[in-house]
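Participant: There's a structure below that I have some questions on.
Read-outs throughout are calculated quantities, based only on the coordinates presented, and are distinct from any laboratory measurement. It should be emphasised that the depicted structure is a prediction, and the values quoted were computed from it without experimental measurement. Neighbour counts are summed over all protein chains in view; Cβ atoms, including those assigned to glycine, are modelled from backbone coordinates with ideal geometry.
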Amino acid sequence: MKKPILTKKAPEPIGPYNQAIKHENMLFVSGQIPVNPDTGTLVESGIIDETSQVMKNIEAILNEADMGFNDIVKTSIFLKDMGNFAEVNAEYGKSFENLIPPARETVEVSKLPLNVNVEISCIAIKK
């Protein structure tokens, strides 16, 4: 049976979807953008800060599902400008230090929700 995962520590969905769906030991996290859940505003102070906020949002959702970054098996990164790849990659990588990083793809897209620069989704499996 699927169960929606919602936490106040991550941005509320801006459409007809949930922050994540848990099914048995699997968690499917919707794409997260750099919205600060405390203020409801976009982080727009540069791609490193934006990526950091996205990873904080993902962490909050994982924690709500009693999971962590070590449980992530797959991520998808969407960038408005592939020129930001190195900075996003470095900031993203901090969440997986001393862990086995997940499988991943990174793609450049023409536009993202609220015209943000980065969006990341993931799938986690609790061992």
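Participant: Please enumerate, by chain and number, the lysines with C-alpha under 23 Å from the C-alpha of K3, excluding those fewer than 8 residues away in the same chain.
Facilitator: The reachable lysines, counting only those whose Cα sits under 23 Å from K3, are K22, K56, K74, K126, K127.
Participant: Which percent, to the nearest 5, of DSSP beta bridges fully inside the chain are antiparallel?
Facilitator: In the chain, approximately 80 percent of DSSP beta bridges are antiparallel ones.
Participant: Assuming R0 = 25 Å, what is the FRET efficiency of L6 and N115, from their Cβ-Cβ distance, to the nearest 0.05?
Facilitator: My answer for the efficiency is 0.50.
Participant: So what J values fall out for the range 38-53 if you push phi through Karplus, 6.51 cos²θ - 1.76 cosθ + 1.60 with θ = phi - 60°, rounded to Hz, Gly and Pro as x?
Facilitator: 6, 10, x, 10, 6, 7, 10, 9, x, 4, 5, 5, 5, 5, 4, 5
Participant: For the pair T41 and V107, what calculated FRET efficiency results from E = 1/(1 + (r/R0)^6), where r is the Cβ-Cβ distance and R0 = 25 Å, to the nearest 0.05?
Facilitator: That gives a FRET efficiency of 0.45.
Participant: Assuming R0 = 22 Å, can you tell me the calculated FRET efficiency for the pair K94 and N63, based on Cβ-Cβ distance, to the nearest 0.05? Write out the running numbers ahead of the final one.
Facilitator: Numbers: r = 17 Å, r/R0 = 0.76.
Calculated transfer efficiency: 0.85.
Participant: While we're looking at this one, here's another question. Using each residue's phi in the range 62-76, evaluate 6.51 cos²θ - 1.76 cosθ + 1.60 at θ = phi - 60° and report the 3J(HN,Hα) Karplus result to the nearest Hz, with x for Gly and Pro.
Facilitator: 4, 4, 4, 8, 6, 10, x, 4, 5, 8, 6, 10, 8, 10, 10
Participant: Beta carbons within 10 angstrom, averaged per residue: use that to sort the peptides 44-56, 11-23, highest first.
Facilitator: Highest-to-lowest ranking by the protection proxy: 44-56, 11-23.
Participant: When ranked by the protection proxy of mean other Cβ atoms within 10 Å per residue, highest first, what sequence do the peptides 109-116, 75-82 form? Walk me through the intermediate numbers first.
Facilitator: Values: 109-116: 11.9, 75-82: 17.5.
Going by the mean number of other Cβ atoms within 10 Å, highest first, we get 75-82, 109-116.
Participant: Tell me the mean residue ellipticity at 222 nm calculated for the chain from its helices only (DSSP H runs of n ≥ 4, each -39500 (n - 2.57), averaged over every residue, nearest 500).
Facilitator: -7000 deg cm²/dmol
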